Amino acid sequence: MRSAMSSTRPLLILTDDDLLAERWQGLATSPVRARSLDDLDTWRAAGHRLVVLDLGKAKAGMPPLWTQPGWQRNAAGLAILAASSKPDDDEGLAALNAGASGYCHSHAPLDTLRQALDVIAGGELWVGRALLSRLLRLVDSRLPRAGVADWASPLTEREREAAQLAANGDSNLAIATALGITERTVKAHLKAVFEKLQVADRLQLALRVHGVR
């Protein structure tokens, strides 16, 4: 089902690929087509934020889009969903580090892309499972861990154990194996954790466990 929010929100489509642009037209009621990174500034000046950007726009042998002056000059303050026809975790991390709010496959189902746009429009990140796991492990390795009492007091012991493993980037299957429980039970524990700690996803959970938010 099409999200009413995503279909009516102003959307800038930035790509040189006419076929991809035609496909992305289905993401909003009247999206605006752009071909230059300089158009990002015009879009922001008009009071808009939401952008879906084709990373394939960078020509072969050219530097990544986020290293080009047009990105560095104009991307600030925008909610950009960076899309690649050949997604790669290193590319995704680089795009997010450069200010993109999401990273996905450019030919993902339109419903998935609409959901991603809704998520980044709300100020959250959108990434795939593998990249999310990598981000969580980076958070775990680079940030000091908060004291357990700082975040885990509302949780049961099992919920705390599941939360710590999830914050480290472990999958539901890995958590189930480590704790000797079923994946269904892991999902139930994490659902309770998200509700009690008032976090929306695993990245927010990791930041909470490390005392960042």
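The values are calculated or read from the model by the stated rules, or taken from the named source; none is laboratory data. Please read all numbers here as calculations on a predicted model, not as lab measurements. Here Cβ is always computed from backbone atoms with ideal geometry, including for glycine, and neighbour counts include all displayed protein chains. Ligands, DNA and RNA are excluded from the accessible area calculation, which covers all protein heavy atoms including side chains. Shrake-Rupley method; radii C 1.70, N 1.55, O 1.52, S 1.80 Å.
Quick grid of which residues meet (1) modelled with pLDDT under 90; (2) loosely packed, with under 14 Cβ neighbours inside 10 Å; (3) touching a helix residue (DSSP H, G or I) at 6+ places or on another chain (Cβ under 9 Å):
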site	(1), (2), (3)
ALA21	no, no, no
LEU27	no, no, yes
TRP43	no, no, yes
ALA46	no, yes, no
Exercise. If you check ASP118 against the conditions, is it at pLDDT 85 or above, open to solvent by 60 Å² or more (accessible area, probe 1.4 Å) and either within 22 Å of the chain's Cα centre (by Cα) or on the phi > 0 side of the Ramachandran plot (or both)?
Worked result: no
For this session: Tally the residues that are touching a residue at least 12 places away in the same chain (Cβ under 8 Å) and either in a loop (DSSP other than H, G, I, E, B) or among the aliphatic types (A, V, I, L, M) (or both), restricting the search to the stretch 86-107.
Result: 11
Exercise. Given the structure, is LEU65 under 22 Å from the mean Cα position of the chain (by Cα) and in contact (Cβ under 8 Å) with a residue 40 or more places away in the chain?
Worked result: no
Exercise. Does ASP54 satisfy being surrounded by 12 or more Cβ atoms within 10 Å (Cβ to Cβ), within 14 Å of LEU14 (Cα to Cα), touching a residue at least 40 places away in the same chain (Cβ under 8 Å) and among the acidic types (Asp, Glu)?
Worked result: yes
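Search the stretch 87-103 for residues being surrounded by 22 or more Cβ atoms within 10 Å (Cβ to Cβ) and of a type in the set (A, V, I, L, M, F, W, C), and hand back the single one that is farthest from the chain's Cα centre (by Cα). If you could, list the steps in order and put the result at the bottom.
From the stretch 87-103, those surrounded by 22 or more Cβ atoms within 10 Å (Cβ to Cβ) are 92, 95, 100-103; that's our starting set.
Next, from what is left, pick out any that are of a type in the set (A, V, I, L, M, F, W, C): 95, 100.
On the way: ALA95: 11, ALA100: 8 Å.
Checking each candidate, the answer is ALA95.
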